Amino acid sequence: MSAPVAVLGGAFNPVHFGHIRSARELREQLGLAEVRLMPTGLPPHRPAPELSSERRAQLVRMAVENEPGLVCDERELHRPGPSYTIDSLTELRRELGPSRGLALVIGADVVAGLEQWRRWRELFDLAHLVIIGRPGYPALPERGPVAQWLLRHLSTDKGALRDSAGGVALRVELSPMNISATEIRAALAAGRCVRHLLPDPVWRHIQQHRWYAAGAATHVGGP
Ligand code: ATP
């Protein structure tokens, strides 16, 4: 059986070491063939980020360029309308065939809102769920429909990702990285240096183009 594939979706506004190092560690810990970083086009559950999806994807491409097994998956940029994860996983399942392990990775900050996602239960007919820790957030939701679902699907067997196509939930401990894109945007708008929080090519590109700088028009246009 081929090694499983994982998807880490997000706004990546901008991509940072919290994303890249988590993806790297996940690949090693879970023996994944690849981790696909998938920038959202139009997110259905939050306001559209000020930086266009093309620009956010451009930064993700730079961030994964020298990272073996990390890939920028741009499918949500090319689909019209809001980006629903169910559509992306349906496409990926078709591409990977019916039995290859596929995992949707989400941070502990996001898992609490999973019940708002379109057809969220069906996501796990298509893929496994991998929850990664995030400093400041509870390890797992304690109540609500997702907590109930987890009671039945949570496993400690990492091999399950390879042995079946989907339906298993894992909670994975990675090195905690207290970095968020919100904090990076705020620091850049205030003119503070964020070099230590981002891959170097991403940092240089943002600096060069004054993206996220106070007063800069980052919300218009393509790359
Ligand atoms: P923002 O601050 O704008 O909300 P973010 O830093 O949370 O952005 P996203 O692009 O929204 O970044 O995150 C994409 C995915 O990566 C989410 O599942 C999120 O939980 C996870 N993630 C982001 N930062 C970290 C981190 N430092 N450690 C672990 N997971 C993270």
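The values are calculated or read from the model by the stated rules, or taken from the named source; none is laboratory data. Because the structure is a prediction, the values reported are computed rather than measured. Every residue, glycine among them, receives a Cβ derived from its backbone with ideal geometry; neighbour counts consider all protein chains shown. Protein only, heavy atoms only, side chains kept; ligands, DNA and RNA dropped before computing areas. Shrake-Rupley method; radii C 1.70, N 1.55, O 1.52, S 1.80 Å.
I'm checking my understanding of the structure. Among residues of the range 160-188 that are assigned to a strand (DSSP E or B) and either within 13 Å of the ligand (Cβ to nearest atom) or modelled with pLDDT under 95 (or both), which one is least open to solvent (accessible area, probe 1.4 Å)? Lay out the reasoning, then the answer.
Pass one, the range 160-188, residues assigned to a strand (DSSP E or B): 169-172.
Within this subset, residues satisfying the condition of being either within 13 Å of the ligand (Cβ to nearest atom) or modelled with pLDDT under 95 (or both) are 171-172.
Numbers: Arg171: 62, Val172: 2 Å².
In this case the residue turns out to be Val172.
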Taking first residues from the range 92-103 that are in contact (Cβ under 8 Å) with a residue 12 or more places away in the chain and second residues anywhere that are among the basic types (Lys, Arg), the pairs with Cβ under 6 Å that are 6 or more apart or on different chains are Gly101/Arg162
Yes or no: Gly41 touching an Asp or Glu at 6+ places or on another chain (Cβ under 6 Å), surrounded by fewer than 19 Cβ atoms within 10 Å (Cβ to Cβ) and of a type outside the set (Phe, Trp, Tyr)?
-> no
Of the residues that make up the range 189-202, is at least one surrounded by 15 or more Cβ atoms within 10 Å (Cβ to Cβ) and farther than 19 Å from Ala23 by Cα?
-> yes
Quick one: count up the residues across the range 96-118 that are under 16 Å from Ser164 (Cα atoms) and either of a type in the set (Phe, Trp, Tyr) or open to solvent by 40 Å² or more (accessible area, probe 1.4 Å) (or both).
-> 4
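Being in a loop (DSSP other than H, G, I, E, B) and either near the ligand (Cβ under 9 Å from one of its atoms) or within 24 Å of Asp200 (Cβ to Cβ) (or both) is the filter here; which residues of the range 1-42 pass it?
Ala11, Phe12, Asn13, Pro14, Val15, His16, Thr40
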Could you tell me whether any residue of the range 88-103 is part of a loop (DSSP other than H, G, I, E, B), out of contact with any Pro (no Cβ under 7 Å at 6 or more places or on another chain) and within 15 Å of the ligand (Cβ to nearest atom)?
-> no
Filtered residue count, the range 107-148, keeping only those that are in a loop (DSSP other than H, G, I, E, B), more than 10 Å from the ligand (Cβ to nearest atom) and in contact with a Gly (Cβ under 6 Å, 6 or more places away or on another chain) = 1
Would a scan of the range 49-70 turn up a residue that is part of a loop (DSSP other than H, G, I, E, B), open to solvent by 50 Å² or more (accessible area, probe 1.4 Å) and within 15 Å of the ligand (Cβ to nearest atom)?
-> yes
